[in-house]
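Presented below is the structure to which this report refers.
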There are 4 protein chains.
Amino acid sequence: MTLLRVAVVGAGYWGPNLIRNFHKLGNCQLVAVADLDPKALNGIKRSYGSVETTTDAGSLLTRPDIDAVAIATPPHTHYQLARKALENGKHVLIEKPLTDSTADAEELVKLAEKTKRTLMVDHTFVYSGPVRKIRGMVDSNELGEIWYLDSVRIDLGLFTNDTNVVWDLAPHDLSIMGYLLDARPVEVSATGASPVKYFDGKVESIAYITVRLDNGCITHFHLSWLSPVKIRRILIGGSKKMLVYDHLDPDHQVVIYDKGVDITSEEERRRFLVQRRTGDMYAPKIDQTEPLETMCKHFVECALTGKRPITDGVSGLNVVRLIEATMESMRLGGAVVAL
Amino acid sequence: MTLLRVAVVGAGYWGPNLIRNFHKLGNCQLVAVADLDPKALNGIKRSYGSVETTTDAGSLLTRPDIDAVAIATPPHTHYQLARKALENGKHVLIEKPLTDSTADAEELVKLAEKTKRTLMVDHTFVYSGPVRKIRGMVDSNELGEIWYLDSVRIDLGLFTNDTNVVWDLAPHDLSIMGYLLDARPVEVSATGASPVKYFDGKVESIAYITVRLDNGCITHFHLSWLSPVKIRRILIGGSKKMLVYDHLDPDHQVVIYDKGVDITSEEERRRFLVQRRTGDMYAPKIDQTEPLETMCKHFVECALTGKRPITDGVSGLNVVRLIEATMESMRLGGAVVAL
Amino acid sequence: MTLLRVAVVGAGYWGPNLIRNFHKLGNCQLVAVADLDPKALNGIKRSYGSVETTTDAGSLLTRPDIDAVAIATPPHTHYQLARKALENGKHVLIEKPLTDSTADAEELVKLAEKTKRTLMVDHTFVYSGPVRKIRGMVDSNELGEIWYLDSVRIDLGLFTNDTNVVWDLAPHDLSIMGYLLDARPVEVSATGASPVKYFDGKVESIAYITVRLDNGCITHFHLSWLSPVKIRRILIGGSKKMLVYDHLDPDHQVVIYDKGVDITSEEERRRFLVQRRTGDMYAPKIDQTEPLETMCKHFVECALTGKRPITDGVSGLNVVRLIEATMESMRLGGAVVAL
Amino acid sequence: MTLLRVAVVGAGYWGPNLIRNFHKLGNCQLVAVADLDPKALNGIKRSYGSVETTTDAGSLLTRPDIDAVAIATPPHTHYQLARKALENGKHVLIEKPLTDSTADAEELVKLAEKTKRTLMVDHTFVYSGPVRKIRGMVDSNELGEIWYLDSVRIDLGLFTNDTNVVWDLAPHDLSIMGYLLDARPVEVSATGASPVKYFDGKVESIAYITVRLDNGCITHFHLSWLSPVKIRRILIGGSKKMLVYDHLDPDHQVVIYDKGVDITSEEERRRFLVQRRTGDMYAPKIDQTEPLETMCKHFVECALTGKRPITDGVSGLNVVRLIEATMESMRLGGAVVAL
């Protein structure tokens, strides 16, 4: 097979981005788009005249002339749609989060293995220039042992009706963490706050999450829809070097600091234990390709060749599991939840 | 009494700053300085010829011609020195933290009440222009209900032999929090990391602390000696306005944002619940007086008049209690500790 | 007339932006687009199926079913196209600069007056939120007497074959200056540099321009295609307040400083003449409407109603005159050129 | 001679900094300090008990037990004091600017040559870590051919009674330029403004200066006492790399950009002439030694050994000559002045 015939389910907030990218890819044919809202479909029709549109998503999941389905619907619908698509032999790309429960995610992973179909989750940031550059530095051991990852993703955010700040934002940072760090999460503790009272007043708009990894590395995530300033920044500290990934600084998205601490010899230890070391700083050139384009290409390639996606079902499952543990810790008032 | 006769115990890292300020105050006479290190005393002698120096701190605590003692020695010595000074009728100023245990702090508070002497802790930031400006905004209810306080104090820091990052840095932020927010801490949870191995490898150089207040406000503190970049920033979000206090931005130390969220009427709720509101931003002029000067003046005034200090023994005790709870939570791997 | 029938000539770099905006306006019908390049026309056809396309621009300028023509072709073609359009009774919008010579610009202005047609130049920045906000402050005399305007527009720029950095960038800043300051330019002096050798080696890629106004205000413009950092910032200093307009700072595009100097009374003058005054700083909320949309709406409104455009032919002429004087001064090695 | 006996004339604004540094140097003895103001001398006496003080500067210039004189008095007094000191066989360090006229500066240079004494001007920035680091890069040809130097030094400044913004600030930047660039200034053009009216209303508080060098390099200086924001930044563009020296950015004072433009081959030239090239960015570690300390050490070393100072009389003369040409150009309304 050299051409992947793709259908997109969901043309609301994110779907049009997938549609735009699949439409322009060479080895892929965007066959059809489904959405419950005829207005959304009209918009698609205007921009991409040749694409079929339908309000019946289910019909696309069984059609023999469709090889792959990209699902960009609300999270609680992911599982049912993906299951049906896999059962009908489709490759499946799912918008993050993979599902809204670990159990469902596990089932999808199993089903994809059984049907030998590609199951991939759209953790877009994993395909971005800065994150891939950092992964390259981890691979070459330029940072040394990774001591910590500290992530801040805060803004005066869009409150949405169907989710809280953790399900909304954490998939980004947890997937970045999972991709960058070669270690297994062992413990989660999290605290949240719901100062804005709507629905039943229990929708978190601020969250602090600590995830400990099995190699001793500590990772922390600050998420908020209630910040007066927009910050999207990850600090990573290693035994050799440290770095700052500031998503919003176009000129210096990744800055590597030749900084750290040196411990002086045993004898001297009693007097002056740990000394700062500071050297040069540099910002490598970052590939500016649109991450979503890279992601879509990767999905098509994996579906066509059977290659395992970087953000496969398991990586999606891992993120869902961490979010469930986060929600559990928050329900328990911040207690530590083992994974 | 119109002139306070002051002795300073400890002329190491911070003591000289106290000495310099007490020396130049009008209604105060710097009588003597004690330190175990004769070199430190020589330095003081050179700069302030008329001041007595001694290696025997104890002798200063009992002298009748000394009214007040400022203690700038290592934390574990604060309690003994302060107790003796209070027992001998001296007013006492203690470098932060007040003591290294809650029990000791409680005793000093009681003793100061019994002897009717001023007991004050040097929480310097409470006397800084930015923090006093923010307190003024809280007083005038400009921010509305305070929803959260988020503090980051990270740097490639000076590791010290006798303490961890929490005892070193948290007094600053916890005292600011205690001064700004009119609510009682009820719960602490904290996680830390000790990636740099020295001593027994258990000295935390990174810490995340969550303190919940009895009015529902959430406060969070990120402390680190292992950051490649220096950040000293507090975000405060209120129901009316939000602000950023960036200690390192000389021109805009406090920036107030007329930003927030509005909840739309009940009927519309099902469709579009929470809307962002953004307006002007402003940075008020900040008093640039050296906070330490303001603090020293305040101590002298309180000692001379019997006025209650802003950072009295109780506020010092509160900070020590929070730090003890933080350390307890970290020992328990992040468990929630009730206060 | 309640509907303006518009043709766009030129679908290269900027034309598509005009097309997109005219296409979505309510009281305007985008009838046709002309370009020499069939590929460009195909792109337009794909996006806006109902629009006629042609490689014969001339045909559009005479058609009776077209009321207005927007010209987005290279500058040296503006005059001929605009003249023919005006002569045929069309309203005309011209991409900046209006023309490439003062004489041509003067003729177009006269012709538009004679034919009673709207002649407008697309000085887009004049229609941006920040610039209109500043104009409002000038109107209300919030800044006091304007002492200076200092503009920096530098980047590692796109070198183009048919122009230098002055013709490329100065129209932006000179039109902003002309719009904001109620005073007449009287003198220009400018120096440039052409370190990158191509064509005949005389294409300026760096320029410094000083324009003095008849009220004593000094304005200065730094333009460069050869800067490692991108800066787009205008400082305006008034006798009452000063401001910074930083186009690239999304959160604080305009910041007003309550700063200045006070001169002390005559007697004290001998000792301490001029004292700094510093107060609060604020950043007003800025309208984020796309400037081009506002500009296109304004053109349509002016053409339909006969209202005089803010950026009319005269303002376009003024900019061309200043650029010619700038080029003359640079040819003379920096000599002062009177206007 | 292994110990230089130094007197400092002038203990006003800058003198105390020289005194503090000479006092702590090993191979130098601070013998005496002169100032017309007894209060200033009392302050010196309090801090440095062993130093002689006098209100009679003249007496120090002839004393046989003094080897060198550092002059930190108002500029119009530099020449007379320095001449007398040189005539009496003293080595002389003069606060910037060397003199207030080219003629005087030339005389001092000649006199120092005749008397074989060290004549040095305190162009402090030349001794700073960032400037020395950049000089190292020029030496190693890391930047390639230097195309331009663009300097901005603006602030809400201290207006002083005895000078304008050019004489006050330009010595810093012109001395940096003279030190960094191996080329001879050939032309100066400058414009200024005096919006704040005091004295006779002709004291410039804003200036723009262009200096062309004999190798084609263009340098430009923006000086202002009337900016709401403080900027001290120099851009240097070379054919290989470009850099930003931001004096106020403590973590990244010098940032080197691997950016530039490439000209494509002759044939392609007609279509796409100049292409941007962007690569990594880095910020080398900068020596943080106080520049004044390095400068004072260098003066003592040169006086003791006969070594030629980096900022010798000639470099001081060059700066004065450029400032005189600047003032001349401003008097002529911006005309180009040949050097």
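The values are calculated or read from the model by the stated rules, or taken from the named source; none is laboratory data. Keep in mind it's a predicted model, so treat the numbers as computed, not measured. Using ideal geometry, Cβ is built from the backbone for each residue, glycine included, and neighbour counts are taken over all protein chains shown. What goes into the accessible areas is simple: the full protein's heavy atoms, side chains included, and nothing from ligands, DNA or RNA. Shrake-Rupley method; radii C 1.70, N 1.55, O 1.52, S 1.80 Å.
In the stretch A:204-218, is there at least one residue being among the polar types (S, T, N, Q), part of a loop (DSSP other than H, G, I, E, B) and open to solvent by 20 Å² or more (accessible area, probe 1.4 Å)? Yes, there is a match, as at least one residue in the stretch A:204-218 is among the polar types (S, T, N, Q), part of a loop (DSSP other than H, G, I, E, B) and open to solvent by 20 Å² or more (accessible area, probe 1.4 Å).
For A:Ile66, the conditions (1) farther than 27 Å from A:Trp167 by Cβ; (2) part of a loop (DSSP other than H, G, I, E, B); (3) at pLDDT below 95 are fulfilled apart from (3).
Considered as a group, the residues in the stretch D:1-27 that are surrounded by 17 or more Cβ atoms within 10 Å (Cβ to Cβ) and polar (S, T, N, Q) include one that is nearest to D:Asp162 (Cα to Cα), and that residue is D:Asn17. Just one of the listed residues (A:Thr115, A:Thr124, A:Thr77) is surrounded by fewer than 18 Cβ atoms within 10 Å (Cβ to Cβ), among the hydroxyl-bearing types (Ser, Thr, Tyr), closer than 17 Å to A:Gly15 by Cα and out of contact with any strand residue (DSSP E or B) (no Cβ under 6 Å at 6 or more places or on another chain), namely A:Thr77. Of everything in the stretch A:155-191 that is under 27 Å from B:Ser205 (Cβ atoms) and at the interface with chain B (Cβ under 8 Å from one of its Cβ atoms), the residue that is surrounded by the most Cβ atoms within 10 Å (Cβ to Cβ) is A:Ser189.
Out of B:Val244, B:Val196, B:Val255, report the one residue that is in a strand (DSSP E or B), farther than 25 Å from A:Tyr198 by Cα and at the interface with chain A (Cβ under 7 Å from one of its Cβ atoms). Unique residue meeting the criteria: B:Val244.
Of the residues making up the stretch B:28-56, those that are open to solvent by 60 Å² or more (accessible area, probe 1.4 Å) and either more than 14 Å from every other protein chain (Cβ to nearest Cβ) or not hydroxyl-bearing (Ser, Thr, Tyr) (or both) number 11.
Contact map, the stretch D:297-315: first residue on the phi > 0 side of the Ramachandran plot, second residue open to solvent by 30 Å² or more (accessible area, probe 1.4 Å) and part of a strand (DSSP E or B), Cβ cut-off under 6 Å, separation 6 or more or different chains; the map is empty. Taking into account only those residues within the stretch C:111-140 that are out of contact with any Pro (no Cβ under 6 Å at 6 or more places or on another chain) and assigned to a loop (DSSP other than H, G, I, E, B), which is farthest from the other protein chains (Cβ to nearest Cβ)? Ranking the candidates gives C:Lys116 first. Starting from residues that are open to solvent by less than 20 Å² (accessible area, probe 1.4 Å) and touching a Lys or Arg at 6+ places or on another chain (Cβ under 8 Å), keep the ones in the stretch A:245-267 and report whichever is modelled with the lowest pLDDT. Selected residue: A:Val261.
The condition (being in a strand (DSSP E or B) and more than 24 Å from A:Tyr208 (Cα to Cα)) is satisfied by just one residue among A:Leu108, A:Leu143, A:Leu86, A:Leu93: A:Leu93. Tallying residues that are open to solvent by 50 Å² or more (accessible area, probe 1.4 Å) and either more than 7 Å from every other protein chain (Cβ to nearest Cβ) or in a loop (DSSP other than H, G, I, E, B) (or both) within the stretch D:273-288 yields 5. Kindly evaluate B:Ser59 against the criterion of being of a type in the set (S, T, N, Q), farther than 20 Å from B:His298 by Cβ and in a loop (DSSP other than H, G, I, E, B). Taking the combined requirement at face value, the residue does not satisfy it.
Please find, within the stretch B:219-236, the residue that is nearest to B:Phe159 (Cα to Cα) out of those that are among the hydrophobic types (A, V, I, L, M, F, W, C) and part of a strand (DSSP E or B).
B:Leu226
A:Ser239 satisfies every condition listed in (1) more than 10 Å from every other protein chain (Cβ to nearest Cβ); (2) among the polar types (S, T, N, Q); (3) closer than 20 Å to B:Ile154 by Cα except (1).
Could you go through the stretch D:235-244 and let me know if any residue there is surrounded by fewer than 18 Cβ atoms within 10 Å (Cβ to Cβ), on the phi < 0 side of the Ramachandran plot and modelled with pLDDT of 90 or more.
yes
Tell me whether the stretch C:303-326 contains one or more residues that are assigned to a strand (DSSP E or B), within 14 Å of another protein chain (Cβ to nearest Cβ) and out of contact with any Gly (no Cβ under 6 Å at 6 or more places or on another chain). Taking every residue of the stretch C:303-326 in turn, none turns out to be assigned to a strand (DSSP E or B), within 14 Å of another protein chain (Cβ to nearest Cβ) and out of contact with any Gly (no Cβ under 6 Å at 6 or more places or on another chain). For the structure I just gave you, tell me whether B:Asp100 is over 30 Å from D:Gly49 (Cβ atoms), assigned to a loop (DSSP other than H, G, I, E, B) and charged (D, E, K, R). Here the answer is yes, as B:Asp100 does meet what is asked. Regarding D:Leu36, is this residue in a loop (DSSP other than H, G, I, E, B), under 14 Å from D:Ala72 (Cα atoms) and assigned by TED's automatic domain parsing to the domain that holds D:Gly58? Against the criterion (in a loop (DSSP other than H, G, I, E, B), under 14 Å from D:Ala72 (Cα atoms) and assigned by TED's automatic domain parsing to the domain that holds D:Gly58), D:Leu36 qualifies.
Consider the stretch A:199-232 and keep the residues that are basic (Lys, Arg) and more than 9 Å from chain B (Cβ to nearest Cβ). The one that is farthest from A:Ala338 (Cα to Cα) is A:Lys230. Taken over the stretch B:289-302, residues that are in contact with a Ser or Thr (Cβ under 7 Å, 6 or more places away or on another chain) and either outside any helix (DSSP H, G or I) or within 26 Å of B:Ala183 (Cβ to Cβ) (or both) amount to 3.
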